[in-house]
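The values are calculated or read from the model by the stated rules, or taken from the named source; none is laboratory data. Please read these numbers as outputs of a predicted model, since none were measured by experiment. Every residue, glycine as well, gets a Cβ built from its backbone with ideal geometry; the counts of neighbours run over all protein chains shown. Only protein heavy atoms, including side chains, enter the accessible area calculation; ligands, DNA and RNA are left aside. Shrake-Rupley method; radii C 1.70, N 1.55, O 1.52, S 1.80 Å.
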Amino acid sequence: MYELGNATFENYIGLTDGYSEMAYQMVAHTLTLGYAVMLAGLFYFILTIKSVAPKYRISSVLSVVVMVSAFLLLFAQANNWTSSFVFDNETGLYFLGEGSDMFNNGYRYLNWLIDVPMLLFQILFVVTLTKSKFSSIRNQFWFSGAAMIITGYIGQFYEVTDFKAFAIWGAVSTLFFIHILILMRRVIKEGQEGIPAEASKVLGSIWVLFFISWMLYPGAYLMPHLLGIEGGFFNESGVVGRQMTYTVADVSSKVIYGVLLTRVAQIMSREEGYSESAAATA
């Protein structure tokens, strides 16, 4: 008999109730879609890097780093899902396999620990800060980003066994999360000053995207408890919902965010007289 301890609720469902064919495949396909989109994003950022002036290219380089990291770790998590649960012919359900590795959301946290600082740094290489100091914003982004992920990583181990610890670590993580939102809003507001209207509009869209996509993460973190752990989402629908939410958030906050930043850089490059064709022949 398994002693699951501080395992995530995905494993508890896999041990007791099992997963229907639909739920199992939906999670498997969602995880596969996640790393496939990251691979597609990788090619996009590589192929468009010369479409912006050299001063903005570090943003594209950081997007490439984010895509590689996300692809590798999400690929590992997809394999982790398929290797953790085994089909039972008698019941027609997938259960946690005897002797198999348990499913672990830690792969996502490892990915975020790499990606979140990179994503936050990216925008600093596209916008011009008019009031804030570059190094100060960069250091605050790094500290709050890393602290948010580490405290959330610790908290998720208690989501089934100790709600108090789960809530405390989640609350601490949320404080850093709020600080990041405040900083990002300040950076975008300053970045919109004195730039072409088209670029300013795209920056405004980036703020909306950033806010909405990042708000999905605490929702997924709280998924087992949203309606009470006993009759709420502590079932296979909660597992499917969590992995879909995380994947939508990852694609939005990494790929779409990077594409929009590239668009801002392209507009600014054009306004500054940069031409990709002229640069290619120079």
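Below are the figures for this structure:
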read-out	value
Long-range tail of P(r) for region 111-193 (Cα pairs > 21 Å, %)	35 percent
Region 159-242: translational diffusion in µm²/s, Stokes-Einstein, Kirkwood Rh over Cα pairs, 10 °C, 1.306 mPa s	106 µm²/s
Extension gain, A146 back to N6 (0.36 nm per residue minus Cα-Cα distance, nm)	48.2 nm
Accessible carbon and sulfur surface of the chain relative to its total accessible area, %, 1.4 Å	67 percent
Stokes-Einstein D for region 129-282, Kirkwood Rh over Cα pairs, 10 °C, 1.306 mPa s (µm²/s)	89 µm²/s
Packing-based order for 36-44, 133-141, using average beta carbon neighbours within 10 Å, highest first	36-44, 133-141
Rg over Rh [alpha-carbon atoms, Kirkwood Rh] for region 16-98	1.24
Linear extension gain, K55 paired with V259, 0.36 nm per residue minus alpha-carbon span	71.7 nm
Pairwise centroid distance, computed over Cα atoms, of region 162-192 with region 1-41, Å	27 Å
Mean shadow area of the chain, taken as a quarter of the surface of its Cα convex hull (nm²)	16.0 nm²
Size descriptor, Kirkwood hydrodynamic radius, that averages inverse alpha-carbon separations across region 1-58, Å	15.1 Å
When each of K50/K189; K164/K189; K133/K164 is checked by Cα-Cα distance, pairs over 31 Å	K164/K189; K133/K164
Contour minus Cα-Cα distance for V68 and E271 (0.36 nm per residue)	70.0 nm
Rough spin-label spacing in nm, given labels placed 7 Å along Cα→Cβ, for V208 and S83	4.3 nm
Kirkwood-based shape ratio for region 168-211, expressed as Rg/Rh from alpha carbons	1.15
Prolate/oblate/rounded label for region 1-159 (Cα gyration tensor, a/c 1.5)	oblate
Cβ-based net charge around V264, under 15 Å, with every Lys or Arg adding one and every Asp or Glu removing one	+1
Distance from region 117-157 to region 73-106 (C-alpha centre basis), Å	34 Å
Listed residues F95, F9 arranged by accessible area, highest first, probe 1.4 Å	F95, F9
Charge dipole of region 130-282 about the Cα centre (unit charges at C-beta), most positive-ward option of S200, L260, F210	S200
